1. Which value, to two decimals, describes the C-alpha radius of gyration of the chain once divided by 2.2 N^0.38 Å?
2. Just subtract the alpha-carbon distance of Val297 and Ala375 from 0.36 nm times their residue separation and send over the number in nm, one decimal.
3. Among 91-102, 222-233, 335-346, what's the highest-first ranking by average C-beta atoms within 10 angstrom per residue?
4. Put +1 on the Cβ of each Lys and Arg and -1 on the Cβ of each Asp and Glu in the chain; which of Thr439, Ile404, Gln61 then has its Cα farthest toward the positive end of the dipole?
5. Find out how many positive minus negative residues lie around Ile319, taking Lys and Arg as positive, Asp and Glu as negative, among other residues whose Cβ is under 13 Å from that of Ile319.
6. Could you give the length gained on full extension between Asp87 and Asp166, defined as 0.36 nm per residue of separation minus the Cα-Cα distance, in nm?
7. How many angstrom lie between the Cα centre of region 1-44 and the Cα centre of region 92-138?
8. Could you tell me which trypsin sites (Lys or Arg not before Pro) in region 378-428 are loop residues by DSSP with no more than 16 other beta carbons within 10 angstrom of their beta carbon?
Amino acid sequence: MRLSRYFIPVLKENPKEAEIVSHRLMLRAGMIRQQSAGIYTWLPLGLKVLNKIANIVREEQNRAGAIEILMPTIQSADLWRESGRYDDYGKEMLRIEDRQGRDMLFGPTNEEMITDVFRSYVKSYKDLPLNLYHIQWKFRDEVRPRFGVMRGREFLMKDAYSFDLDEDASRAAYYRMFVSYLRTFERLGVKAIPMRADTGPIGGDLSHEFLILADTGESEVFCHSDVMSLPVPAENVDYDDDDLIAGIVKDWTTNYARTDELHDETLWDEVAEGDRMNARGIEVGHIFNFGTKYSSVMGAKVKGPDGVDHEVHMGSYGIGPSRLVAAIIEASHDDNGIIWPESIAPFQIGIINMKAGDAACDAASSRIYEQLTNAGLDVLYDDTDNRAGAKFATMDLIGIPNQIVVGPRGIEKNEVEVKRRGEAEKFTMSPDEAINKFTS
Ligand code: P5A
């Protein structure tokens, strides 16, 4: 992409309304624009990152055996009356009346709707296990939307729902999602620690939150420092091997790790003082196993091998891709701006033409840009006539991980400079060497 033809409305001034660094940087980098409290337009750069995150989430869900669908944002109140949550959900639910006077709502989550889909089609244990997920916008009329997309009212969620014949199988499904979350966060370039959690309005008795450590996190976390160095399973992990998967979950849940909600001082005292980590964290994922809570009241049953109908055992598994954009920035930035992990950077490489209009600089920059783009790389070429200093500042602000600098003095000697975002060292090489570095 040539910057002169793109749309990155960067802000020079620090926006006053932004209380935390990720919100400030997302506004300054021209990633989002607030439309109403907690409701945002995703501008090109923001949308690129959001899509890259959603895609990694999708790939890891698929790998773990979940199947993608797409449910609507608008739901009928009747489904929620069946589960009893229509009244329970209270003011967080945005209620809508259609022209026929029917009660509708903007979905805050989809347990009821997926249970309805399931009961309409699945009648036999032979179709289990089943895990269906979607990546769809949700609305929760939060009392205090804040910190930009970190706690929005409209936000993107990946929500998966598992269906199994009995509790053991349901637990195995929960463990598969647990392991897929470890892999997902690793690929997103962040460390998210699973912690025992409360179940709130979703229900059930087995639940874990995944938290990224950051000073601005809304939860206080208490954990054994050993969890920081546990290995994340490789991409060829065998999701069909229930014992292996359960073993990985055991390794990750043996050490003490809880948020303030479930913190237990007596158990905490058993952790050696030197091993205690007390920090703040951002919840980026939350998984639940709630047995037959929805299936029993909504009549979701399957015939078992015994010929008898069984209420299906369920779990639900959420990740917030829009919150993750902000959480990753909280965990990865410096004074100059965002430092994107390579896997989700909006562009992998930035080319800075220090003297646009200079024939030699233009020719070299265009050639590098075209060759890298043709090789399938996502490249942002700053071909504008802004000052060189402003170009450096913008590339750093928007966090492009690799930068190639083309200047008039260097190009006379057939040299460009290559550097990585966040590192001071610059490497001088020929334009061809720079191209090879990223394409070979
Ligand atoms: C699990 C999937 C659920 O709703 N039902 C379906 C369950 N869980 S949850 O913990 O309430 O939300 C799942 C994830 O969504 C993100 N999230 C948010 N992101 C931005 N702004 C919000 N207001 C918001 N609320 C929830 C979080 O990542 C959370 O872990």
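Here, each number is a calculation from the coordinates, and none is a lab measurement. Just so it is clear, the model here is predicted, and its values are computed rather than measured. Glycine also receives a Cβ, built like all others from the backbone with ideal geometry; neighbour counts cover every protein chain displayed.
1. So the Cα radius of gyration is 1.10 times the expected 2.2 N^0.38 Å.
2. Gain in length upon complete extension: 22.6 nm.
3. On the way: 91-102: 11.4, 222-233: 15.7, 335-346: 19.5.
Packing proxy ranking, top to bottom: 335-346, 222-233, 91-102.
4. Farthest along the dipole direction, towards plus: Ile404.
5. Local net charge: +1.
6. 25.5 nm
7. 33 Å
8. Details: sites: Arg387, Lys391, Arg409, Lys413, Lys419, Arg420, Arg421, Lys426; in loops: Arg387, Lys413, Arg421.
Those that pass, being in a loop and sparsely packed, are Arg387, Lys413.
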